[in-house]
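Below you'll find the structure, written out as structure tokens, and then a few comments.
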Amino acid sequence: MHMEINKTLKITNLSHCYKNGKSIKNINLDVFPGEVVCVLGPSGCGKTTLLRLIAGFEEPSDGQIKIGKDYVFGKSYVPTEKRFIGMLFQDIALFPHLSVKNNIGFSLTKKNSDNEKIIENLLKKVGLDGFLNRYGATMSGGEQQRVALARALANNPNIMLLDEPFASLDVWSKYDIAYDIISILKESKTPTIMVTHDPQEAMKLADRIIVMLDGKIIDQGTPSELYSEAKHSFSVSLMGPTTSYLSKAIDGLIKTPFGSINIVNKKSQGSYKVLIRPDAFSIASNNKEAINIKIISFKYIGLLTEVEIVDENNKDNNFMFLVYSNIFKNIYKNNKLLFNKDWAFVFPNK
Amino acid sequence: MINYLKHGWGLFSVLLCLTVIIPISTIIFFFLIPGDETWIHLRDNVLNSYISNSLYLMIFVGGGSIIIGSITAWLVAMYDFPFKKYLEWLLFMPLAIPSYAVAYCYADLLGYGGFITNNLGLIFNSNIKSINFYSIYGAVFVFIFSLYPYVYLLMRQAFISQSSAYIEIAKISGLNLLQIIRKICLPLSRPALAGGVTLVIMETLADYGVSDYLGINTFTKGIYKAWFNLGDITSAGKLSAILLFTVAIIIIIERKLRGKAQYNNEVRSNRVLQLKKLHGFTAILALFICIIPVIIGFIIPLITLISWSIESIDIIYTLEFINVAISSFGIAFFASLLCALFALIIVFGMRTNPKLVNPFARIASLGYSIPGAVAAIGVLIPLVWLDNTINNISLKYFNYSTGLIITGTWFGLLFAYLVRFLALSMQAVENSFIKISKSIDYAARILGKSNRKILTSIHIKIGWGGISLGLLIVFVDVLKELPATMILRPFGLSTLAIKAHELAIDERLYDASIPLLTIIFLCLIPLYFLTKVIRQE
């Protein structure tokens, strides 16, 4: 079985349960040709399990996995070695006893004269011309990962799974390699799922991000959608810097040091958590809606500055929030700022 | 269909484990079978001496090995003194010499007209003509100086891996050297000590050559006698069951003593121990303490055997010796290959399907703690049953008696070696495979390779070094093995170990030296690899 037409991955109601109680529940996910989907979440949330289930290393307890037109799990079963999947691992996993040539040619079962040409072309594609007879141990991590990509592509995969493949690379070269790999995968129209715990990496590389928590998909969207319209407090915190403020709702209004925020359910009287992005603050100038603040202290932390102010709602405790450093000087000078409520995300405080 | 594809390899591995587990399990049933007259006779007359002798050996050999192994390990791990880098590996060299060879040497050297007794008389002007070495004291002496390296190796490793932070804290707290050893180093090394002394005791209990030569009644000797001299498999089985039970208790005690072994490595920082340089008298004392066990356990027996061999070198050219060497190498070669094959399949099964295979593999690997004689009886029982069944069927349907067609063949002997030594092969293969990242397996599987292909084209090739070391270790152990070979050998088959033992029993020690030196020479090869590992550390 080799499914080349319509390279789409479709996962329906996929569930799996480990003996230790950890599980993934009812995962539904489609990945389209050339699309890069990043699965983001903390350790133990089930993101690597999801990859292992797709690859066939583990058997789901329920659900269906369809690659192209064929079910590989659910209505029928296809073992790992016949799923035609490409995979890159965090520890790269080049076969140490084989040369680059033999690593790439590992899946080319038929010995024919074209094999050499295929391998050379793949090496050219990943930018490693002339590495044919080198061994893994003599190459950098980035070069090894490029060889691993060439090896995976030699199998002509229907989908590509990336299990934190850039985590072991140094920060200086990581994105150069990552962009190259992603562009090759996009060019070959291969649906790609990448697992990572690094939100920055996900935002830079993904077309779509899936956020997982406790074995469930809790949010998904493009990087910009998730940054500005996340539906879950965890995703809001994950996708960028926030300041958290706890308050109680009174008559549908939540008081914050920067004014009140309306909530949809006006009858609700519970406790709420407000997550405020630094984007919410801007320079007041002479705007009538400017808010006066009393700055007690501040700390410069690069792109952002941490500011401590008096909280008029709760004078016993000061409040700390984050603003962009480039506007802080003005705020500090005037003790005034503008607050955009669109960048404040309100969630019931459970 | 899905389950078969997923678990096929695992199920096959379990099946292989069971072939090894079954003979061990059959021994257990002998606890329940009522004994016949022979058993009652053995029970009433010799069982007490088996128990008391075995206990005596366990206590004194264990104690002596702890003292020698720990002190020498402490000295080489903590101090720098002249010739230390040579002593570090010389101290485990006694492992190359089988205990029974050490017994032959000292029985002769200390006997009437022996080299040591003669010279003692000259030096001290004493009237001692001989020292009676044919006693349990002689056996204790032999076992201590042959087996202390097990404690030495594990304790040395434990001392080296201890963080200097512990010792520094103890010094700051005002503890002196003895207090540091007693309160810090020994408790931290307890798992290693327990592991080392357990190996020593199990090797002592498994011995046949020393006890037979020195005339001491032990369980292994009793098992052999019950089967060969009395022809009573029930008594042999019952004795094996008691020995198996004793070994099980020792393993349980060892596990308890190990306790939470992992605490040993909790503060395993990069701050390795700084060796203290010894000078003058203390340096000479350390050198003296470390060199004595090497001289007694390795140098004296080796020189004695070499000097004997000069007298009997011609034996090498005899057809009999060549035949014995060929059959000995042949059976060791096939046994090591068989063990490696089983180990490769089982360990790979543990890797692909740990939940299913691991419990069976762990039980199968207990075989190494079972004395050779017990393994032999364990194998003998199902084989005799199989032979009898075949014979009965043949008699019933063809009116023809087949006799024993499996028992007493190479098959039975190889089977016993498999039961006894599979654990060694498994350990070697496991140590090789553990270094191969699981991602390598996944990468190969995802690239369309079957389990068999992954094993042959990746794991065996990457792990070849460790696998071949495992082959070598089993090869050497089979070459040295005595009790199981004596019980199960096909008629007319002799090995180097059996030949040496027979010649020694006939007091033809000079002739025995050639097969013994052949064994020792081959034993030095795996020890050479161990030396390399220690040097790399």
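The values are calculated or read from the model by the stated rules, or taken from the named source; none is laboratory data. All values derive from a computational prediction rather than experimental measurement. No Cβ is skipped: glycine too gets one built from the backbone with ideal geometry, and neighbour counts run over all protein chains shown. What goes into the accessible areas is simple: the full protein's heavy atoms, side chains included, and nothing from ligands, DNA or RNA. Shrake-Rupley method; radii C 1.70, N 1.55, O 1.52, S 1.80 Å.
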Ignoring any ligand, DNA or RNA, what whole percent of the accessible area of chain A comes from carbon and sulfur when the probe is 1.4 angstrom? 49 percent
Using a 1.4 Å probe and ignoring any ligands, DNA or RNA, find the accessible area of A:GLU120 and quote it in Å² to the nearest 10. 90 Å²
With x for Gly and Pro, the residue-by-residue ³J(HN,Hα) of the range B:234-248, computed from phi through the Karplus equation 6.51 cos²θ - 1.76 cosθ + 1.60 at θ = phi - 60° and given in whole Hz, is 5, 5, 4, x, 5, 5, 4, 4, 5, 5, 4, 4, 4, 4, 4
List the residues, sorted by chain then number, that are 5 or more residues from A:MET194 or on another chain and whose placed amide H is less than 5 Å from its amide H. A:VAL37, A:CYS38, A:VAL39, A:LEU162
Counting helices only, and only those DSSP H runs with n ≥ 4, report the 222 nm mean residue ellipticity of chain B as the sum of -39,500 (n - 2.57) divided by its residues, in deg cm²/dmol to the nearest 500. -24000 deg cm²/dmol
Which whole number gives the average, over all residues in B:448-458, of C-beta atoms from other chains lying within 10 Å of the residue C-beta? 3
Which aspartates and glutamates have a Cα less than 17 Å from the Cα of B:LYS238, not counting those fewer than 8 places away in the same chain? B:ASP36, B:GLU37, B:ASP44
Given charges at beta-carbon only (K, R positive; D, E negative), |dipole| of chain A in Debye: 560 debye
Using a/c under 1.5 as the rounded threshold, could you call the range B:35-311 rounded, prolate or oblate? The axes a ≥ b ≥ c are square roots of the C-alpha gyration tensor eigenvalues, and prolate needs a/b larger than b/c, oblate otherwise. oblate
In the Gaussian network model of chain A, springs joining C-alpha atoms below 10 Å, which of A:ALA202, A:ALA150, A:ALA280 carries the largest mean-square fluctuation? A:ALA280
Global size of the protein assembly as shown as Cα Rg and Dmax, reported in angstrom: 36.2, 120
Residue-wise HN-Hα coupling along the range B:107-113, computed from phi with Karplus coefficients 6.51, -1.76, 1.60 (Hz; x: Gly, Pro): 4, 6, 5, 9, x, 5, x
Residues B:TYR400 and B:PHE115, FRET efficiency given R0 of 45 Å [Cβ-Cβ distance, rounded to 0.05]: 0.15
Across A:LYS22/B:LYS355; A:LYS82/B:LYS453; A:LYS299/A:LYS329; A:LYS19/B:LYS435, pairs whose alpha-carbon gap is larger than 19 Å: A:LYS19/B:LYS435
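Treat every Asp and Glu Cβ in the range B:426-537 as -1 and every Lys and Arg Cβ as +1, leave all other atoms uncharged, and give the resulting dipole magnitude about the Cα centre to the nearest 20 debye.
Computed about the Cα centre, the dipole is about 860 debye.
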Table column - 3J(HN,Hα) (Hz), the range B:136-150, Karplus curve with 6.51, -1.76, 1.60, x for Gly and Pro: 5, 5, x, 5, 4, 4, 4, 5, 4, 7, 8, 10, 4, x, 4
Counting only residues 5 or more places away or on other chains, whose amide H sits under 5 Å from the amide H of A:ASP30 once H atoms are built in the peptide plane? A:ILE11
What dipole magnitude, in Debye to the nearest 20, does the protein assembly as shown give about its Cα centre under +1 on Lys/Arg Cβ and -1 on Asp/Glu Cβ? 2540 debye
Probe 1.4 Å, all chains present, heavy atoms only: B:ILE233 accessible area in Å², nearest 10, is 50 Å²
What are the equivalent ellipsoid semi-axes of chain A, built from the alpha-carbon gyration tensor (square roots of five times its eigenvalues), in whole angstrom, biggest first? 47, 25, 15
Using a 10 Å cut-off on Cβ to Cβ distances, tally the other chain neighbours for every residue of A:92-105 and report the average as a whole number. 3
In Å², what does the accessible area per residue of the protein assembly as shown work out to with a 1.4 Å probe? 47 Å²
Could you let me know the centre-to-centre spacing of the range A:185-240 and the range A:287-306, using Cα atoms, in angstrom? 30 Å
In the A-B interface, the accessible area buried, summed over both sides, Å² (probe 1.4 Å): 2100 Å²
For the protein assembly as shown, whose charge dipole is built from +1 on Lys and Arg Cβ atoms and -1 on Asp and Glu Cβ atoms, the candidate among B:ILE326, A:GLY142, B:PHE141 with its Cα farthest towards the positive end is A:GLY142
With every protein chain kept in place and a 1.4 Å probe, the residues B:PHE159, A:PHE131, B:PHE60 fall, from largest accessible area down, as B:PHE60, A:PHE131, B:PHE159
Nearby aspartates and glutamates by direct alpha-carbon distance to A:LYS25 (threshold 18 angstrom, same-chain neighbours under 8 apart not counted): A:GLU58, A:GLU59, A:ASP62, A:ASP214, A:ASP219
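Report in % the part of the accessible area of chain B that belongs to carbon and sulfur, leaving out ligands and nucleic acids; probe 1.4 Å.
Carbon with sulfur: 67 percent of the solvent-accessible area.
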Cross-link partners among aspartates and glutamates for A:LYS341, C-alpha distance below 20 Å, same-chain residues fewer than 8 apart left out? A:GLU225, A:GLU229, A:ASP251, A:ASP279, A:GLU289, A:GLU306, A:GLU308, A:ASP311, A:GLU312
Within 10 Å of each Cβ of B:436-442, how many other protein chain Cβ atoms are there on average? 6
Provide the solvent-accessible area of A:GLU289, counting protein heavy atoms only and rolling a 1.4 Å probe, rounded to the nearest 10 Å². 140 Å²
Please list A:HIS232, B:HIS41, A:HIS16 in order of solvent-accessible area, largest first, computed with a 1.4 Å probe with all protein chains present. B:HIS41, A:HIS232, A:HIS16
For A:ASN314 and A:ASP214, what is the calculated FRET efficiency with R₀ set at 30 Å and r taken between the beta-carbons, to the nearest 0.05? 0.40
Given H placed on each backbone N at 1.01 Å, which residues far from B:GLY463 in sequence or on other chains put an amide H within less than 5 Å of it? none
Note on the protein assembly as shown, DSSP bridge orientation, antiparallel percent to nearest 5 equals 75 percent
